[in-house]
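The values are calculated or read from the model by the stated rules, or taken from the named source; none is laboratory data. Fair warning: this is a prediction, and the values are worked out from it, not measured in the lab. Cβ placement follows ideal geometry from the backbone for every residue including glycine, while neighbour counts extend to all protein chains displayed.
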Amino acid sequence: MTVDIDQPPPADTSSAAGDAGSGDAGAVAEDDIVLPWWQNPINLILLLVGILALAGGAGFVIGERNATPDPNATDIGFLQDMRTHHEQAVGMSLAYMLRPDIDGVLQTIANEIAVSQSVDSGRMIQLLREYGKPEANESGIAMSWMNQAVPEDQMPGLASDSDLNKLANAKGAAADTLFVNLMVVHHQAGIVMAQYAVEHAATSEVRDFAKSMVSSEQEEIVEMQNILNSK
């Protein structure tokens with residue numbers, strides 16, 4: 001057996017492979033470096049966008065608050081005096097509903113008036129509290145906000161004590177007629193007050209509230225009169 005001493009030994013590729021591997025690993029490590037969040041430009045951009053959004057939202061809220069006017073004398077006076085007006089309408093409705101032999105449809109309308117105007121009174125109290133004003137007119141003089149100042153118990157549309165006593169003792173068709181006549185006059189006066197508030201109140205809450213009151217009471221007047229006229 002002969003050995004060719006001139007043949008070079010086989011090349012050792014292990015170190016080269018190792019060197020190549022270590023070089024690739026180094027390259028990957030450099031690409032995968034995670035910067036602190038404050039050094040990452042993407043994070044900084046997102047943070048800036050968030051700050052601008054919050055600032056814009058705060059500016060909008062402040063602007064809306066500044067754009068909302070304070071209630072004026074009409075807002076407060078209407079809420080206080082209409083609450084008193086509503087209280088009598090509720091009382092008349094309840095008194096009529098207790099009378100014997102009354103019209104069933106009118107009895108239903110009376111119940112609706114009692115419920116709806118009680119709800120309205122609650123809303124008026126809520127608004128007065130939000131405005132930081134007394135829940136009732138403490139001066140005893142009503143409608144000065146309309147330049148028509150009168151003692152509170154003499155507001156237009158309010159039934160007299162004599163009329164209320166008659167209603168409390170009436171029955172049947174007589175009670176129907178008396179209730180409708182008293183409530184129509186009551187509603188008509190309330191509509192005048194509400195229309196003034198629609199035109200002169202400063203806040204949209206009171207204007208919208210008064211507008212809905214005008215619509216509902218006009219409908220009730222027509223309905224009650226139609227029922228009475230059909231008898």
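Residue 116 satisfies every condition listed in (1) crowded, with 19+ Cβ neighbours inside 10 Å; (2) within 30 Å of the chain's Cα centre (by Cα); (3) outside any loop (DSSP other than H, G, I, E, B) except (1). Scanning segment 174-231 for residues that are part of a helix (DSSP H, G or I) and charged (D, E, K, R) turns up 176, 199, 205, 207, 208, 211, 217, 219, 220, 223. Residues that are in contact (Cβ under 8 Å) with a residue 60 or more places away in the chain, assigned to a helix (DSSP H, G or I) and surrounded by 15 or more Cβ atoms within 10 Å (Cβ to Cβ) within segment 125-150 comprise 127, 145, 146, listed in sequence order.
For segment 165-192, taking the residues that are in contact with an Asp or Glu (Cβ under 7 Å, 6 or more places away or on another chain) and surrounded by 22 or more Cβ atoms within 10 Å (Cβ to Cβ), the one that is nearest to residue 229 (Cα to Cα) is identified as 176.
Within this structure, residue 81 passes the test of being buried (at least 16 other Cβ atoms within 10 Å of the Cβ) and within 26 Å of the chain's Cα centre (by Cα). Within the option set 230, 204, being farther than 20 Å from residue 98 by Cβ and modelled with pLDDT under 95 holds for one residue only, 230. Would you say residue 157 is surrounded by 22 or more Cβ atoms within 10 Å (Cβ to Cβ), under 17 Å from residue 110 (Cβ atoms) and touching a His at 6+ places or on another chain (Cβ under 8 Å)? For residue 157, the condition - surrounded by 22 or more Cβ atoms within 10 Å (Cβ to Cβ), under 17 Å from residue 110 (Cβ atoms) and touching a His at 6+ places or on another chain (Cβ under 8 Å) - is not met.
Taken over segment 61-88, the residue count meeting the criterion of being assigned to a helix (DSSP H, G or I), polar (S, T, N, Q) and modelled with pLDDT of 95 or more is 4. Residues considered: 229, 169, 147. Of these, the only one that is over 20 Å from residue 108 (Cα atoms) and of a type in the set (S, T, N, Q) is 147.
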